[in-house]
1. Out of Leu5, Leu77, I need the residue that is over 18 Å from the mean Cα position of the chain (by Cα) and over 30 Å from Ser129 (Cβ atoms). Which one?
2. Going by the conditions given, is Gly85 more than 27 Å from Met182 (Cα to Cα), in a loop (DSSP other than H, G, I, E, B), modelled with pLDDT of 95 or more and out of contact with any strand residue (DSSP E or B) (no Cβ under 8 Å at 6 or more places or on another chain)?
3. Counting just the residues of the stretch 1-42 that are part of a strand (DSSP E or B) and of a type in the set (A, V, I, L, M, F, W, C), which one comes out surrounded by the most Cβ atoms within 10 Å (Cβ to Cβ)?
4. Val168 passes all but one of (1) within 10 Å of the chain's Cα centre (by Cα); (2) in contact (Cβ under 8 Å) with a residue 60 or more places away in the chain; (3) under 20 Å from Ala109 (Cα atoms); which number fails?
5. Can you tell me how many residues within the stretch 48-70 are part of a loop (DSSP other than H, G, I, E, B), over 10 Å from His106 (Cα atoms) and not acidic (Asp, Glu)?
6. Tell me which of these His86 doesn't satisfy, since it passes every other one: (1) buried (at least 19 other Cβ atoms within 10 Å of the Cβ); (2) within 26 Å of Glu228 (Cα to Cα); (3) under 19 Å from the mean Cα position of the chain (by Cα).
7. Residues in the stretch 172-182: is at least one aliphatic (A, V, I, L, M), within 29 Å of Val90 (Cβ to Cβ), in a loop (DSSP other than H, G, I, E, B) and in contact with a Lys or Arg (Cβ under 6 Å, 6 or more places away or on another chain)?
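The values are calculated or read from the model by the stated rules, or taken from the named source; none is laboratory data. All figures in this text were calculated on a predicted structure; none of them were measured in a lab. Please note: Cβ atoms are built from the backbone with ideal geometry, for glycine as well, and neighbour counts cover all protein chains shown.
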Amino acid sequence: MNYPLLFKPLQIRNLCIPNRTVMPPMSTQLGTPSGEVSDAQIAFYQARAAGGTGMIIVEFCCVNQSSGQSEPNQLALESDTHIHGHKRLVNAIKSEGSVACLQLQHGGAAAKRSLLKTPTTIGPSNIFSRKAPNQLICKGMSHTEIEAMIECFGHSAELGIKAGYQAVELHGAHGYLLTQFMSPRSNKRDDVWGGNETGRLEFPRRVIHRVRQAIGNRPLIYRLSADEFCEGGLTIEDMERICPML
C-alpha cells in the first residue's frame, strides 16, 4: 500500500478518528425551508459513513438565518427546535463508526437576499449597488451587531455539542462573513474591527475564542481560502502570516 497511515486511527485532542479519510462539507440542499434536518439528509450522510469515512463534516449550518442564509434549505442551528434533527443526524453518522463534525457559517454580504428577513445583507463595510450607486445592498455592521454575531457562533456551537457533534469547523472561506472581515478587499473599516491586518483578524479571532469556550477540548477546525484570486484580496503570502495569528 502506498499510504500505510491512511487507515490508521488519528488522535486530535480528545477525539480519536478511526481512519484518516475525511468527507468535506458539501451542500445537499436536502434540509427543510426552516433549516431543519430532513430524513433524506440523514440517509445521505449515513450512507457515506457506512462506506468507512473516518470523519464527516456536515454541510454548512447557518448561525443566524434571518441575516445570513446563503441558499435554499440551508441547515440552521439557532435554537432547541433545531437540535432534535441534528441529534438524529449525528446518531446516524456515529452508528456507522464515523465521527460527526459540525460546520458553522454566516453568509454576510454573500447571503442570498431573497431568503433574508433583513432589508439588506450585512458585512464589515457598506456596499452599494453598481447599477444604482445610491442603493445600499450590504450594511456595515455596528459594534453591537458584531458582538451579537460572535455570540451567535458561540451559541450555535453550544447547541451543536448538545446535539452530539464531536468537532466543530468554522467556515472562514469562500467569501462568507468570516472571510469578509479578514480580507482588505471587503473590510474597509477604520476601527478595532479593521484598519490593518490585526484589526481585520479581530472578528475571526473573537469567534474562534468564543467557539472554543463553547466546545471545550474538542477539535476546532478553521476552513479558509489560501488565495482569493482577485485584485486587493488575500494571497497565499498573506495566509502564511495570518494562519499562525489565528
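1. Leu5
2. In short, no.
3. Once the filter is applied, the top-ranked residue is Ile17.
4. Checking Val168 against (1) within 10 Å of the chain's Cα centre (by Cα); (2) in contact (Cβ under 8 Å) with a residue 60 or more places away in the chain; (3) under 20 Å from Ala109 (Cα atoms), the one that fails is (3).
5. Residues meeting the conditions: 5.
6. Answer for His86: the failing condition is (2).
7. yes
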